[in-house]
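Trainee: Handing you a structure now.
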Amino acid sequence: MAMEMRLPAARKPLSERLGRDTKKHLVVPGDTITTDTGFMRGHGTYMGEEKLIASVAGSVERVNKLICVKALKTRYIGEVGDIVVGRITEVQQKRWKVETNSRLDSVLLLSSMNLPGGELRRRSAEDELAMRGFLQEGDLISAEVQAVFSDGAVSLHTRSLKYGKLGQGVLVQVSPSLVKRQKTHFHDLPCGASVILGNNGFIWIYPTPEHKEEEAGGFTANLEPVSLADREVISRLRNCVISLVTQRMMLYDTSILYCYEASLPHQIKDILKPEIMEEIVMETRQRLLEQEG
């Protein structure tokens, strides 16, 4: 039986600036955040005995006079305009139920999606009968949050050509708090793969399509075999995302690309070894700090 043994390795010293910049104000439930009564109470906090106290474990964030605690591990809480990746769990009358990592299933209405071919017309009884032909249980989709209901449930829409059914790729589930909010969450990386960074913590990694215009904002998924080179790039990106998440680093296009480049000297299967994971994430952190200047 093959056995692998690894000896202790000396850690690379942290640069002083890196250690200083990564410190955060972390709290646990019951910790006093401030005794100053001039601050406003935000999410994850409550007032007690004229003190602002944390109700969840996480990092303290302050915007002017508003203080809130961002939980380190939480379910997705929808906001209008968010990009999400979800899985169809149920086909109902004129709607699909979608699992989006939130407390309640999200809803995609038949009227909130493009018809095949981009037709603009009222949805008929024939469209309702053909719903399972459009999307069925187990299908993965990308969508945008259209509305958030009072109970926290989310309504989705796929009325743009960039949204719709997802084809071949890899899904990685992470905590929503680690996905950085940006203007766009669809990224074509120079390494030959693309990622969709869902605000709900679902990351979709897939080979970059050759013809953008054929990218169906609808219901046709490309099921042709993926080349070995593309599969290796996707596997490396997947392991890089897991490494960044394990070290509690924010996920966005630059951090993923830098981590990918730092991992190139190592084999794909070795990236998840603790000491190599720490080494490539440390290199990624230093490059990001140098970029910020």
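The values are calculated or read from the model by the stated rules, or taken from the named source; none is laboratory data. None of these values were measured; they are calculated from a predicted model. We place every Cβ from the backbone using ideal geometry, glycine too, and count neighbours over all the protein chains shown. Heads up: the accessible areas ignore ligands, DNA and RNA and are worked out on the full protein's heavy atoms, side chains in. Shrake-Rupley method; radii C 1.70, N 1.55, O 1.52, S 1.80 Å.
Trainee: Below 8 Å between Cα atoms, with a sequence gap of 6+, how large is the relative contact order for the chain in percent?
Mentor: On the way: 540 pairs, mean separation 39.4, N = 293.
So the answer I get is 13 percent.
Trainee: Among the aspartates and glutamates, select those whose C-alpha is under 16 Å from the C-alpha of K94, and discard any that sit fewer than 8 residues away in the same chain.
Mentor: Those aspartates and glutamates meeting the cut-off are D105, E126, D127, E128, E137.
Trainee: State the number of lysine pairs found in the range 173-293 whose Cα atoms come within less than 30 Å, restricting to pairs 8 or more positions apart or on distinct chains.
Mentor: Lysine pairs, 8 or more places apart or on different chains, close enough: 4.
Trainee: To the nearest 20 debye, what charge dipole does the chain have about its Cα centre, counting +1 at the Cβ of each Lys and Arg and -1 at the Cβ of each Asp and Glu?
Mentor: The calculation lands at about 680 debye.
Trainee: Then there is this: GNM on the chain, C-alpha springs below 10 Å: top fluctuator among A193, A147, A125?
Mentor: A125
Trainee: Taking the Cα centre of the range 25-71 as the origin and placing charges on Cβ (Lys, Arg +1; Asp, Glu -1), which of I33, A54, N64 is farthest toward the positive end of the dipole?
Mentor: Of I33, A54, N64, it is N64.
Trainee: Let me ask something additional. Got the relative contact order for the range 25-71 handy, in percent, Cα pairs under 8 Å and 6 or more residues apart? Write down the numbers at each step before the final one.
Mentor: Values: 108 pairs, mean separation 19.4, N = 47.
Relative contact order, the range 25-71: 41 percent.
Trainee: Bin width 10 Å, alpha-carbon pairs only: give the P(r) of the range 103-203 as whole percents, running from 0 to the bin holding the largest distance.
Mentor: 12, 42, 34, 12, 1
Trainee: Can you tell me the relative contact order of the range 32-154? Whole percent, Cα pairs under 8 Å, sequence separation 6 or more.
Mentor: Details: 216 pairs, mean separation 28.0, N = 123.
Relative contact order, the range 32-154: 23 percent.
Trainee: I would also like to ask the following. Can you give me the long-range amide H partners of R95? Hydrogens built in the peptide plane at 1.01 Å from N, cutoff under 5 Å, separation of 5 or more residues or another chain.
Mentor: L110
Trainee: Along the three principal axes, how long is the chain when you take its alpha carbons, biggest first, rounded to the nearest angstrom?
Mentor: Cα extents, longest axis first: 63, 59, 43 Å.
Trainee: Also: Where the Cα atoms of the range 25-71 are projected onto their three principal axes, how long is each span, largest first, in whole Å?
Mentor: Rounded to whole Å, the extents work out to 23, 22, 15 Å.
Trainee: Enter the accessible area per residue of the range 171-284 (Å², integer; probe 1.4 Å; all protein chains in place). It would help to have the intermediate numbers written out before the result.
Mentor: Working: 5310 Å² over 114 residues.
In whole numbers, the range 171-284 has 47 Å² accessible per residue.
Trainee: Tell me the per residue accessible area of the range 25-71 using a 1.4 Å probe; a whole number in Å² is fine.
Mentor: 63
Trainee: Using helices alone, I'd like the mean residue ellipticity at 222 nm for the chain: each DSSP H run of four-plus residues gives -39500 (n - 2.57), total over residue count, nearest 500. Mind dumping the intermediate values first?
Mentor: Values: 6 runs with 64 residues, N = 293.
Theoretical 222 nm ellipticity from helices: -6500 deg cm²/dmol.
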